[in-house]
1. Right, A:ILE33: open to solvent by less than 60 Å² (accessible area, probe 1.4 Å), within 26 Å of B:ASP121 (Cβ to Cβ) and within 15 Å of the chain's Cα centre (by Cα) or not?
2. Which residues, taken from segment A:63-77, are of a type outside the set (Val, Ile, Thr), more than 15 Å from ligand 2 (Cβ to nearest atom) and more than 13 Å from chain B (Cβ to nearest Cβ)?
3. Looking at segment B:198-217, can you tell me whether even one residue there is assigned to a strand (DSSP E or B), closer than 16 Å to B:LEU152 by Cβ, in the same structural domain as B:ARG273 (by TED's automatic domain parsing) and open to solvent by less than 10 Å² (accessible area, probe 1.4 Å)?
4. Return the residues of segment B:238-248 that are out of contact with any helix residue (DSSP H, G or I) (no Cβ under 6 Å at 6 or more places or on another chain) and open to solvent by less than 10 Å² (accessible area, probe 1.4 Å); say none if nothing qualifies.
5. Here are some conditions: (1) closer than 26 Å to B:GLU90 by Cβ; (2) open to solvent by 60 Å² or more (accessible area, probe 1.4 Å); (3) away from ligand 3 (no atom under 16 Å from the Cβ). A:ALA27 meets all but one. Which one does it not meet?
6. Report, ordered by the first and then the second residue, all pairs with beta carbons closer than 6 Å, sequence separation of six or more or different chains, a first member in segment A:1-28 that is within 13 Å of chain B (Cβ to nearest Cβ), and a second member that is open to solvent by 40 Å² or more (accessible area, probe 1.4 Å) and within 16 Å of ligand 3 (Cβ to nearest atom).
7. Could you list, ordered by first residue, the pairs with Cβ atoms under 6 Å in which the first is in segment B:145-158 and in contact (Cβ under 8 Å) with a residue 24 or more places away in the chain and the second is aromatic (Phe, Trp, Tyr) and away from ligand 3 (no atom under 13 Å from the Cβ), at least 6 apart or interchain?
8. Of everything in segment A:37-62, what is away from chain B (no Cβ under 11 Å), within 9 Å of ligand 1 (Cβ to nearest atom) and part of a loop (DSSP other than H, G, I, E, B)? Give them in sequence order.
Amino acid sequence: MAYAIVESCVNCWACEPVCPSNAIADARPHFVIDANKCTECDGDYADPQCASICPIEGAILDPFGVQANPPGSLTGIPPERMAEAMAEMQAR
Amino acid sequence: MELTVIGQDAGPAAEGGCSSSGCGGTSDQLSHLPESIRQKVQDHPCYSEDAHHHFARMHVAVAPACNIQCHYCNRKYDCANESRPGVVSELLTPDQAVKKVMAVAANIPQMTVLGIAGPGDPLANPERTFETFRQLTEKAPDIKLCVSTNGLSLPQQVDELCKHNIDHVTITINCVDPEIGAKIYPWIFWNNRRIKGKKGAKILIDQQQKGLEMLTERGILVKVNSVMIPGVNDEHLEEVSRIVKQKGAFLHNVMPLIAEAEHGTFYGVMGQRGPTHDELQALQDKCAGDMNMMRHCRQCRADAVGMLGEDRGDEFTMDKVENMHIDYEAAMEERAEYQAAALATLEAQRQNSGESFVALSSIGKARRETRPVLMAVATTGGGVINQHFGHAKEFLVYEASATDVRFIGHRKVDLYCEGGDTCGDGESVLQKTIRTLDGCEAVLCSKIGYEPWEQLEQAGIAPNGEHAMEPIEEAVAAVYAEMVSSGLTDQAPHSATVQISA
Ligand code: SF4
Ligand code: SF4
Ligand code: SF4
């Protein structure tokens, strides 16, 4: 089982140096986790390091495919407000 | 090396009597500093108000990762603490960065300072940051190194920093109270965990303060940056200013929050506003009573190259740099010559501008109380008025009064709109520019077109192209003297917020 980085990743590099298993690679369009190398940080840390430093909501999925950091959990922006703001910008 | 000699020569000369433009005012902040610090900063463009006309700094983006989140930052872009929001820099490896820095230094002799300021936090990427510094110390010993940080890893890195002989560090400190901190920093990454809210903010604040103390104990210059967030930390920043000064920071630079929904930041999306020019100026004035403020900060881009406010980055993209052949030994000689000449000019200007104030105050005495006037100046550097109004991407604002001319700050013209071709509505660019000049009663530039001239006059701002290539402070003093003798300064200031015809 492994964590995974998906397309909302902004390639900010934060996760790469903190992974104890060297499982993360700088790739494009976005960084990737090598599922064979990822240990879920088991034995090294209580929390998965990549998911604990990643600043982007939704960029990392846990082994069950669930967003490790769901919308609103990191920025504090309520998802409704985000949707509203997006709509306002589109209307302009 | 020759540069050290220059520094020693220029130092005592500037000390003698009223030689600085800050005489009677706060314009030359260096005059307040102990000689040892003054020497260190006198040709540093970011710290010395005069020097930033003559010397340049550059930043390289080698340290992308960050270990905290600020509510004004969208991490798609560079670190908002040290650059304009919404900017993405070319990420370089340490080897590439070293190459680029040496190419720039060889071509722009003014370049005296290299900074690493993001995107991200340089100290959250210690290997990349320190590898860059290590190579540069060896290969280009005439370049000063500086680093900007959010402070979280600072205490851990201080010893390593000292090894590289880095004598300037900037810490962004927005608060000293965890309650307020929790409204600015939603989380930090600390001891292998994400820590949210007040608890995280407290750790960050403690580390920042500890880092500040450790650096000043070791004799390293520390500048503190703060982002002014109305309703969040605006009142609190006076206390921050007091505390960081007490702990030995030599400059405190208050920058305005820039928040737009388009940036996708917490503050942008939640509609948090930034400060107005007046609010920012008022806070800077209050803090100035407490310590030396830096007014000329332009929140430069993380990979900015060239004189402050003038970005020549396009000339030094990595593909161009790879093909340049640099003889650094020869370049270093040229650089030393240029820098010696520039320091001499600087010193001469410092001496001269003292005289213009004598003349100015005598006018003041001849008349009744004259009120101070704000003026905007268009310049590309060198301390002279040398930019066309229409080319100015930012204006320097000066306050002239009967006793002195002092530098107040910068106003940037909205850079999201390039005018003419790109937005198809050149007129609105002009309107925006004029709105930027709100509160100013004159604008000094090398040249100005007919249409902007008219619109400026309508808005109550007197356009003035008569002082092209003259030293800024002298020109401002001269224009003020004209205003005084024509009786303008006896009248209350006009309301500059006139609606500009669309
Ligand atoms: S969960 Fe741990 S081991 Fe797996 S990629 Fe993330 S940091 Fe590396
Ligand atoms: S920390 Fe998150 S956003 Fe940054 S590179 Fe890793 S996965 Fe992408
Ligand atoms: S320290 Fe800089 S890069 Fe990190 S979150 Fe704050 S503004 Fe962004």
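The values are calculated or read from the model by the stated rules, or taken from the named source; none is laboratory data. Source: prediction; values computed, not measured. Cβ coordinates were reconstructed from backbone atoms using ideal geometry, including for glycine residues, and neighbour counts include every protein chain displayed. Please note that ligands, DNA and RNA were not included when accessible areas were found on the heavy atoms of the full protein model with its side chains. Shrake-Rupley method; radii C 1.70, N 1.55, O 1.52, S 1.80 Å.
1. yes
2. Those that are of a type outside the set (Val, Ile, Thr), more than 15 Å from ligand 2 (Cβ to nearest atom) and more than 13 Å from chain B (Cβ to nearest Cβ): A:PRO63, A:PHE64, A:GLY65.
3. no
4. Passing the criteria: B:VAL240, B:VAL244.
5. In the conditions (1) closer than 26 Å to B:GLU90 by Cβ; (2) open to solvent by 60 Å² or more (accessible area, probe 1.4 Å); (3) away from ligand 3 (no atom under 16 Å from the Cβ), A:ALA27 misses (2) alone.
6. Cβ pairs passing all conditions: A:VAL10/B:LYS76; A:ILE24/A:GLU16.
7. Final answer for the pair search is B:LEU145/B:PHE133.
8. Passing the criteria: A:LYS37, A:CYS38, A:THR39, A:GLU40, A:ASP42, A:ASP62.
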